[in-house]
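K.L.:
I have a structure here, written as structure tokens, and I will follow up with some questions on it.
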Amino acid sequence: MRILIFITLVSLSLFLVGCGYTLGEIKPTIMRRVNTISVETFKNDTLIPRLESQTADALAKQFQQDGTYRIETPDRADANLSGTIISVKRQPMRVYASNVMQTSEFELILIVDYSVKDRLTGALLMKGRAEGHVPFFVNSDNINSDLMTDQNINYPIAAQRAAEAIVGKVSEGW
């Protein structure tokens, strides 16, 4: 009976070893020596104020939540991440059934270019483009409806979604 249990456990462990599961982070090959990263305040090519700090803040928080890299100051980090907010778009998605000329739902799209450079050599490790998409509804009350206020409320969410895309790429390669 003990022999049967032992053989079963050994064969099960050998089977599981070959399944490809690993524990811990799996960094992209180019980022294998990077343990700490700094997030610089982004450049803002839009006319929307404070969007660059919201995006950098969301990115730093996302890196902390992910845990693959530790956030550090730019002069002590292994790599520095910088970026530029390229544009913010608002696209109509849905109209009211009673008035097809009035949009009831929009999609806010935040587009960010980013690059990761080695602090010591200045070599470009990664670069790419990320987008944060947020659908949002407009207040149906025509008198009190304010599209810009509804849009402004969703900027931090769009920044968070763009940050998730960047961290996914930098931490895991996808």
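The values are calculated or read from the model by the stated rules, or taken from the named source; none is laboratory data. The shown structure was predicted, so the numbers you read here are calculated from the model rather than taken from an experiment. Cβ: placed from backbone, ideal geometry, glycine included. Neighbour counts: every protein chain shown.
K.L.:
Out of all the residues in the range 154-174, which are under 22 Å from residue 139 (Cβ atoms) and of a type in the set (Ser, Thr, Tyr)? Give the steps one after another, and end with the answer.
P.N.:
First, the residues of the range 154-174 that are under 22 Å from residue 139 (Cβ atoms): 154-158.
The answer is 155, and nothing else.
K.L.:
Now a separate question. Yes or no: residue 160 farther than 26 Å from residue 63 by Cβ and either surrounded by 15 or more Cβ atoms within 10 Å (Cβ to Cβ) or polar (S, T, N, Q) (or both)? Don't jump to the end; show me each part of the working.
P.N.:
On the way: farther than 26 Å from residue 63 by Cβ: no; either surrounded by 15 or more Cβ atoms within 10 Å (Cβ to Cβ) or polar (S, T, N, Q) (or both): yes.
No; evaluated as a whole, the condition is false for this residue.
K.L.:
Hey, another quick one. Just the residues that are on the phi < 0 side of the Ramachandran plot and loosely packed, with under 12 Cβ neighbours inside 10 Å, please, taken from the range 27-79. Walk me through how you get there before you give the answer.
P.N.:
Just the residues of the range 27-79 that are on the phi < 0 side of the Ramachandran plot, to begin with: 27-49, 51-66, 68-79.
Residues satisfying the conditions are 29, 32, 33, 47, 49, 65, 73, 75, 76.
K.L.:
Within the range 62-99, how many residues are among the small types (Gly, Ala, Ser) and modelled with pLDDT of 95 or more? Show your work before the answer.
P.N.:
Residues of the range 62-99 among the small types (Gly, Ala, Ser): 67, 77, 79, 82-83, 87, 97-98.
Pick out the ones that are also modelled with pLDDT of 95 or more and you get 77, 79, 82-83, 87.
So the count comes out to 5.
K.L.:
Take residue 77 and decide whether it is over 24 Å from residue 32 (Cβ atoms), outside any strand (DSSP E or B), out of contact with any Phe, Trp or Tyr (no Cβ under 8 Å at 6 or more places or on another chain) and not β-branched (Val, Ile, Thr).
P.N.:
no
K.L.:
Can you tell me which residue is nearest to residue 42 (Cα to Cα) among those in the range 82-101 that are of a type outside the set (Lys, Arg) and free of Cβ contacts under 8 Å to residues at least 40 places away in the same chain? Show your work before the answer.
P.N.:
Step one: filter the range 82-101 for residues of a type outside the set (Lys, Arg), giving 82-88, 91-93, 95-101.
When the remaining residues are screened for being free of Cβ contacts under 8 Å to residues at least 40 places away in the same chain, the result is 91-92, 95, 97-101.
Working: 91: 24, 92: 27, 95: 34, 97: 40, 98: 42, 99: 40, 100: 38, 101: 37 Å.
Ranking the candidates gives 91 first.
K.L.:
Of the residues in the range 80-127, how many are in contact with a strand residue (DSSP E or B) (Cβ under 8 Å, 6 or more places away or on another chain) and closer than 30 Å to residue 36 by Cβ?
P.N.:
Here is the first cut: in the range 80-127, the ones in contact with a strand residue (DSSP E or B) (Cβ under 8 Å, 6 or more places away or on another chain) are 80-96, 101-119, 123-127.
Okay, now just the ones that are also closer than 30 Å to residue 36 by Cβ, so 80-86, 110-119, 123-127.
Total satisfying the criteria: 22.
K.L.:
Looking at 63, 137, which one is of a type in the set (Phe, Trp, Tyr) and farther than 30 Å from residue 29 by Cβ?
P.N.:
Numbers: 63 fails: farther than 30 Å from residue 29 by Cβ.
None of the others qualify; the one that does is 137.
K.L.:
Tell me yes or no: at least one residue of the range 50-60 is within 19 Å of residue 119 (Cα to Cα), in contact with a strand residue (DSSP E or B) (Cβ under 8 Å, 6 or more places away or on another chain) and of a type in the set (D, E, K, R).
P.N.:
Just the residues of the range 50-60 that are within 19 Å of residue 119 (Cα to Cα), to begin with: 56, 59-60.
Still in the running and in contact with a strand residue (DSSP E or B) (Cβ under 8 Å, 6 or more places away or on another chain): 56, 59-60.
From the residues that got through so far, the ones that are of a type in the set (D, E, K, R) too are none.
No, the range 50-60 contains no residue that is within 19 Å of residue 119 (Cα to Cα), in contact with a strand residue (DSSP E or B) (Cβ under 8 Å, 6 or more places away or on another chain) and of a type in the set (D, E, K, R).
K.L.:
Can you tell me which residue is farthest from residue 75 (Cα to Cα) among those in the range 100-120 that are modelled with pLDDT of 90 or more and of a type in the set (Val, Ile, Thr)?
P.N.:
Filtering the range 100-120 for residues that are modelled with pLDDT of 90 or more and of a type in the set (Val, Ile, Thr), the one farthest from residue 75 (Cα to Cα) comes out as 109.
K.L.:
Now, a different point. State yes or no: is residue 119 more than 23 Å from residue 54 (Cα to Cα), without any contact (Cβ under 8 Å) to a residue 12 or more places away in the chain and charged (D, E, K, R)? Don't jump to the end; show me each part of the working.
P.N.:
On the way: more than 23 Å from residue 54 (Cα to Cα): yes; without any contact (Cβ under 8 Å) to a residue 12 or more places away in the chain: no; charged (D, E, K, R): yes.
In short, no.
K.L.:
Out of 95, 100, 88, I need the residue that is buried (at least 16 other Cβ atoms within 10 Å of the Cβ) and either closer than 18 Å to residue 170 by Cβ or not acidic (Asp, Glu) (or both). Which one? Walk me through how you get there before you give the answer.
P.N.:
Working: 95 fails: buried (at least 16 other Cβ atoms within 10 Å of the Cβ); 100 fails: buried (at least 16 other Cβ atoms within 10 Å of the Cβ).
Selected residue: 88, the only one of 95, 100, 88 that is buried (at least 16 other Cβ atoms within 10 Å of the Cβ) and either closer than 18 Å to residue 170 by Cβ or not acidic (Asp, Glu) (or both).
K.L.:
I'm trying to understand the selection: among the residues of the range 50-72, which are more than 13 Å from residue 168 (Cβ to Cβ) and assigned to a helix (DSSP H, G or I)?
P.N.:
51, 52, 53, 54, 55, 56, 57, 58, 60, 61, 64
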